[in-house]
1. Hand me the list of helices (runs of 4 or more DSSP H) wholly inside the range 1-102 holding 2 or more residues that are within 30 Å of His168 (Cα to Cα) and without any contact (Cβ under 8 Å) to a residue 60 or more places away in the chain.
2. Just to verify a result, which residue in the range 122-171, among those that are among the small types (Gly, Ala, Ser) and outside any loop (DSSP other than H, G, I, E, B), is modelled with the lowest pLDDT?
3. Val106 - would you say it is in a loop (DSSP other than H, G, I, E, B), touching a Leu at 6+ places or on another chain (Cβ under 9 Å) and surrounded by 10 or more Cβ atoms within 10 Å (Cβ to Cβ)?
4. I need the full set of residues from the range 32-84 which are surrounded by 10 or more Cβ atoms within 10 Å (Cβ to Cβ) and polar (S, T, N, Q), in order please.
5. I'd like to know if the range 47-70 contains one or more residues that are of a type in the set (A, V, I, L, M), touching a Lys or Arg at 6+ places or on another chain (Cβ under 6 Å) and at negative phi.
6. With the structure loaded, tell me whether Glu9 is over 30 Å from Glu104 (Cα atoms), of a type in the set (Asp, Glu) and under 19 Å from the mean Cα position of the chain (by Cα) or whether it fails that test.
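The values are calculated or read from the model by the stated rules, or taken from the named source; none is laboratory data. No experiment lies behind these values; they were computed from the predicted model shown. So basically every Cβ, Gly included, is an ideal-geometry build from the backbone, and we count neighbours across all protein chains shown.
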Amino acid sequence: MTSLVKEHEKLLLDEISMELPKRILQTFSGLIRESGSEDERTAADFLASLLKAWGVPHTVHNPTIYLSVPKTASVKTVTPEPKSFRAKTPSFSVSTNGIPLVGELVYVPSAQVTDRYDIFDAKVKEEVNDLTGKIVISEGLAMPEKVATFHDKGVLGAIFINPGKNIHDGICTTIWGAPRFGYDRQ
């Protein structure tokens, strides 16, 4: 390393401080930055104020967006004894408006994953019978292709068994992008 590079490196290292990262962490740890929330706005304003203080040109955009942030979900059994299970609703799933869905529960196994890309397809085995008006239970994440397949088969609802202890966030729509520019599966 040349002496000039070492000199510049020393100048940069001498400028590093943990004070600002600590301040950012302290600010963000007290906020629940859910999309569209006041805390998200507070976080964006805080970061914009830092950029302004540093003289960094920037623009804060405030778009109108279509957002899905499900609030509550549960799965309840009626027989043999009433029991409630923790659940999470994927974004852009159909709302029941608090009215429980009641129906026959049918297990539909997922197709075997053959490579790392299959997780995004999450196919349903083709030999699935008529599912009209039934509630399907299947393993895996509520991936868009699988949800669309169940929808096309007329299911009333679907329950997905996720791997691991924690329930994963997800989105179950096959439409991506802005509504007028989005595309649906073919």
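1. Numbers: elements: 3-15, 19-29, 38-53.
Qualifying helices (runs of 4 or more DSSP H): 19-29, 38-53.
2. Just the residues of the range 122-171 that are among the small types (Gly, Ala, Ser), to begin with: 122, 133, 138, 140, 142, 148, 154, 157-158, 164, 170.
From what is left, the residues that are outside any loop (DSSP other than H, G, I, E, B) are 138, 148, 157-158.
Details: Ser138: 89, Ala148: 85, Gly157: 91, Ala158: 91.
Result: Ala148.
3. no
4. Ser35, Ser37, Thr42, Ser49, Ser68, Ser74, Thr77 - these are the residues of the range 32-84 that are surrounded by 10 or more Cβ atoms within 10 Å (Cβ to Cβ) and polar (S, T, N, Q).
5. Let us first name the residues in the range 47-70 that are of a type in the set (A, V, I, L, M), namely 47-48, 50-51, 53, 56, 60, 65, 67, 69.
Of the ones still in play, those that are also touching a Lys or Arg at 6+ places or on another chain (Cβ under 6 Å) are none.
Within the range 47-70, not a single residue is of a type in the set (A, V, I, L, M), touching a Lys or Arg at 6+ places or on another chain (Cβ under 6 Å) and at negative phi.
6. Working: over 30 Å from Glu104 (Cα atoms): yes; of a type in the set (Asp, Glu): yes; under 19 Å from the mean Cα position of the chain (by Cα): no.
Spelling it out, it is not the case that Glu9 is over 30 Å from Glu104 (Cα atoms), of a type in the set (Asp, Glu) and under 19 Å from the mean Cα position of the chain (by Cα).
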